[in-house]
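**Q** Starting off with a structure, shown below.
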Amino acid sequence: REHVEARAKLYINLGFGAEARAVLDSFGVDRMAAPWLRTIAGIIDGEEEPRPALAAFTSCDGDVALWALLENRAALARRDINSAAVLRGFSALPLHLRRLLGPGLVERLVSVGDAETAHAVRAAVLRAGPDDSAAMGLADAELALAEGDEPTALQGLDALAKGGSADAPEALARTIRLRLDRNEAVPPELAENA
């Protein structure tokens with residue numbers, strides 16, 4: 001079993017959540033024997049667990065706080081999160097996992113009202129060079145909105161909405177919603193695109 005779990009950990013480290021779960025399944029390592037490996041594999045792939053396994057650990061002082069925050073989609077208060085532990089855990093990840101998980105973490109931190117840690121996470125992603133991915137663009141727009149900078153958010157969302165990335169439909173929906181919330185007209189180009 002140790003070798004199977006080691007292989008699953010390797011796949012998780014490479015960003016291959018489905019492959020990690022497949023290895024565990026292929027060798028009969030059930031959910032009870034390695035629950036946290038399956039949970040982290042699901043987080044890596046952006047899948048939501050029907051029953052969160054780590055939800056209660058967002059205030060812990062270890063790396064589990066990061067994984068608990070990424071897994072937990074319930075409404076949380078900032079006081080329920082150990083931001084320092086989340087940031088430490090995130091900063092310890094290899095660059096490719098920071099880039100994979102960073103946008104979602106930034107948005108999650110913004111949703112709980114922790115823009116300061118969201119900026120630190122963004123900086124940890126950008127430390128090795130610019131990340132112009134659409135997912136990070138969405139996170140940047142959410143961060144700008146959290147800080148009351150709607151013009152910057154709209155500019156970023158408009159650029160993403162006009163692009164061809166997989167996140168373009170989400171950016172389009174957000175930029176239209178933001179304009180409607182501000183009682184502004186939706187530009188014809190965006191309306192046509194929608």
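**Q** How much net charge surrounds residue 118 when only the other residues with a Cβ under 9 Å from the Cβ of residue 118 are counted, with Lys and Arg +1 and Asp and Glu -1?
**A** Combined, the nearby Lys, Arg, Asp and Glu give -2.
**Q** When the chain is fully extended, how far beyond the present Cα-Cα distance does residue 162 get from residue 74, taking 0.36 nm per residue of separation?
**A** Length gained between residue 162 and residue 74: 28.6 nm.
**Q** While we're on this one: Would any residue of region 138-181 have its amide N under 18 Å from a label point 7 Å out along Cα→Cβ of residue 191? List them or say none.
**A** In region 138-181, the label zone of residue 191 (backbone N under 18 Å from the point 7 Å along Cα→Cβ) covers 158, 162, 172-181.
**Q** A follow-up question, please. Could you compute the net charge surrounding residue 143? Neighbours are other residues with a C-beta less than 9 Å from the C-beta of residue 143; K and R count +1, D and E count -1.
**A** Around residue 143, the surrounding residues sum to -4.
**Q** Show log10 I(q)/I(0) for region 68-128 at q = 0.14, 0.20, 0.30 Å⁻¹, two decimals, from a solvent-free Debye sum over equal Cα scatterers.
**A** Once normalised to I(0) and log-transformed, intensities are -0.32, -0.67, -1.47.
**Q** A further question on this structure: Which is the longest stretch in the chain that no exposed loop site breaks, taking sites as trypsin sites (Lys or Arg not before Pro) with a DSSP loop state and at most 16 other Cβ atoms within 10 Å?
**A** That gives 74-126 as the longest site-free run.
**Q** In deg cm²/dmol, rounded to 500, what helix-only [θ] at 222 nm does the chain give when every DSSP H run of at least 4 residues adds -39500 (n - 2.57) and the total is split over its residues?
**A** Helix contribution divided over all residues of the chain: -19500 deg cm²/dmol.
**Q** If you place +1 on the Cβ of every Lys and Arg and -1 on the Cβ of every Asp and Glu, how big does the dipole about the Cα centre of the chain come out, in debye to the nearest 20?
**A** Here the chain has a charge dipole of around 520 debye.
**Q** Provide, for q = 0.10, 0.11, 0.16 Å⁻¹, the log10 of I(q)/I(0) from a solvent-free Debye sum over equal Cα point scatterers in the chain.
**A** With one equal scatterer per Cα and no solvent, log10 I(q)/I(0) is -0.46, -0.55, -1.03.
**Q** Tell me the per residue accessible area of the chain using a 1.4 Å probe; a whole number in Å² is fine.
**A** 52
**Q** Ignoring ligands, DNA and RNA, what percent of the accessible area of region 87-194 is carbon or sulfur (1.4 Å)?
**A** Here it works out to 52 percent.
**Q** Find out how many positive minus negative residues lie around residue 60, taking Lys and Arg as positive, Asp and Glu as negative, among other residues whose Cβ is under 12 Å from that of residue 60.
**A** -2
**Q** If you stretched the chain out fully between residue 61 and residue 3, how much longer would it get, using 0.36 nm times the residue separation minus the C-alpha to C-alpha distance?
**A** 18.0 nm
**Q** What percent of all Cα-Cα pairs in region 6-109 falls in each 5 Å bin, counting up from 0?
**A** The percentages, shortest bin first, are 2, 13, 24, 26, 19, 10, 4, 1, 0.
**Q** Taking Cα pairs under 8 Å and at least six residues apart, what relative contact order does the chain come out at, in percent?
**A** Computed value for the chain: 12 percent relative contact order.
The values are calculated or read from the model by the stated rules, or taken from the named source; none is laboratory data. The structure presented is a predicted model; accordingly, all values stated were derived computationally and were not measured. Because the Cβ atoms are built from the backbone with ideal geometry, glycine has one as well, and the counts that use them run over all protein chains shown. Side chains included, ligands, DNA and RNA excluded: accessible areas come from the protein's heavy atoms. Shrake-Rupley method; radii C 1.70, N 1.55, O 1.52, S 1.80 Å.
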